[in-house]
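Engineer: Below are the structure tokens for one structure; questions will follow.
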Amino acid sequence: MEVAILPTPADCGRVVADILAAAVTGRPAAQRTTLGLATGSSPVLAYQELIRRHRDEGLSFAGVRVVLLDEYVGLPDGHPESYRSVIRRELTSHVDIADSDVHAPDGTHPDPLVAAQEYELRIRDAGPVAVQLLGIGANGHIGFNEPGSSLSSVTRVKTLTEETRRDNARFFERPEDVPRHVITQGLGTISRARHLLLTATGTRKAAAVAAAVEGPLTASCPASVLQLHPHATVVVDEEAGAELERADYYRYTLQHKLSHQPY
Ligand code: GLP
């Protein structure tokens, strides 16, 4: 696992944007690429940087297909906080990615259990995900895989912890409006991506980041599943990296990266 501790959230956004941009450029025009994207506040600066590069530097997403990590169950179609609406607002409507190329679990399906199975198949059909971007919850969740999630789980319905509902209440008018159920890619589903890219900023994430990177591999910290992956990158600012015991080594490694060694 490579850990990049960078001075500011803006630096993290630039590096995350670099990695996502590299995945979509330099491939034959006809070749499709699947990007796994996350919602929440963690990726926002990276998305703003990608939009800027699209506008000012001609970065194109032609041929890119997007799969989202998760979705709330029961929000009506077009609800501003459904993750499908969020990704449109934060990224895809500002670049050349058509709505029809953005896939998310169907949180409006009459049977969420069926919707989850269908989404797992959709991801398999979309081919390997080139890069899966991830945020991390304060309790160590990725996607909506709450602590206790099987490390080999597939896409399914999960019940949110009250902690996560409280954390996400800031996006809703009233705390009780946060749905109790979600459909999330499983930890096994996420792990099939070729490259896992986790980003976090701020002191609130420091303990979860340390547990994920340096703690035991355990379902109690779902993000620790990154330790099993052959290509995982963690991009954090100084605050989110503050509890990492090997921080000096990660900084040293980054300073001495070979000039042609990619993330
Ligand atoms: C949310 C999402 C996750 C996200 C995480 C952190 O509940 N389901 O995909 O990564 O929690 O959110 P944020 O980036 O807003 O801190």
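Engineer: Step by step: find N for segment 76-211, compute 2.2 N^0.38 Å, then divide the Cα radius of gyration by it. What's the final number?
Structural biologist: 1.05
Engineer: Compute the distribution of all C-alpha to C-alpha distances in segment 175-263, in bins of 5 Å from 0, and list the percent of pairs in each, rounded to whole numbers.
Structural biologist: All Cα pairs, binned at 5 Å, distribute as 3, 12, 18, 22, 19, 14, 7, 2, 2, 1, 0 percent.
Engineer: Calculate the translational D of the chain in whole µm² s⁻¹ from Stokes-Einstein, where the hydrodynamic radius comes from the Kirkwood formula applied to all Cα pairs, the temperature is 37 °C and the viscosity 0.692 mPa s.
Structural biologist: D, rounded to a whole number, is 178 µm²/s.
Engineer: Can you sort Glu239, Glu57 by solvent-accessible area, 1.4 Å probe, largest first?
Structural biologist: Sorted descending by solvent-accessible area, the residues read Glu57, Glu239.
Engineer: May I ask you to list the residues of segment 150-189 whose amide nitrogen lies under 14 Å from a point 7 Å from Cα along the Cα→beta-carbon direction of Arg89?
Structural biologist: 169-174
Engineer: I've got another one for you. Need one number: % antiparallel among DSSP beta bridges in the chain, to the nearest 5.
Structural biologist: 25 percent
Engineer: Here's another thing I want to ask about it. Could you pull out every residue, at least 5 positions away or on a different chain, whose amide H is within less than 5 Å of the one on Thr33? Hs are placed 1.01 Å off N in the peptide plane, and Pro or chain starts have none.
Structural biologist: Val64, Arg65
Engineer: Which FRET efficiency value, to the nearest 0.05, do you get for Arg124 and Thr161 by plugging their Cβ-Cβ distance into 1/(1 + (r/R0)^6) with R0 = 22 Å?
Structural biologist: 0.20
Engineer: Now a separate question. Under 5 Å between amide hydrogens, which residues at least 5 positions from Val3 or on another chain qualify, with H placed 1.01 Å from N in the peptide plane?
Structural biologist: Val234
Engineer: Which percent of Cα-Cα pairs in segment 1-150 sits in each 10 Å bin, short to long?
Structural biologist: The distribution over segment 1-150 is 10, 39, 36, 13, 1, given as percents.
Engineer: With all protein chains present, how much of the accessible area of the chain (probe radius 1.4 Å) comes from carbon and sulfur, to the nearest whole percent?
Structural biologist: With neighbouring chains kept in place, the figure for the chain is 52 percent.
Engineer: Here's something else I'd like to know. Against the 2.2 N^0.38 Å scaling, with N counting residues, where does segment 204-246 land? I'd like the Cα-based Rg ratio to two decimal places.
Structural biologist: Cα Rg divided by the expected 2.2 N^0.38 Å: 1.08.
Engineer: Under a point spin-label approximation (7 Å from Cα along Cα-to-Cβ), what is the Val44-Glu57 distance to one decimal in nm?
Structural biologist: 2.2 nm
Engineer: So what J values fall out for segment 71-85 if you push phi through Karplus, 6.51 cos²θ - 1.76 cosθ + 1.60 with θ = phi - 60°, rounded to Hz, Gly and Pro as x?
Structural biologist: 7, 6, 8, x, 6, x, 3, x, 4, x, 9, 5, 5, 5, 5
Engineer: Just the accessible area for Arg124, please: 1.4 Å probe, Å², rounded to the nearest 10?
Structural biologist: In the full protein context, Arg124 sits at about 130 Å².
Engineer: Please work out the FRET efficiency for the pair Asp248 and Glu2, using the Cβ-Cβ distance as r and a Förster radius of 22 Å; give the result to the nearest 0.05.
Structural biologist: Efficiency, from the Cβ-Cβ distance: 0.90.
Engineer: Turning to a different aspect of this structure: Say we join alpha carbon atoms closer than 10 Å with springs in a Gaussian network model of the chain; which of Asp11, Asp125, Asp99 then has the biggest fluctuation?
Structural biologist: Looking only at Asp11, Asp125, Asp99, the largest GNM fluctuation is found for Asp125.
The values are calculated or read from the model by the stated rules, or taken from the named source; none is laboratory data. Fair warning: this is a prediction, and the values are worked out from it, not measured in the lab. In this analysis, Cβ positions are derived from the backbone assuming ideal geometry, glycine residues included, and neighbour counts consider all displayed protein chains. These accessible areas exclude ligands, DNA and RNA; they are computed on the full protein's heavy atoms, side chains included. Shrake-Rupley method; radii C 1.70, N 1.55, O 1.52, S 1.80 Å.
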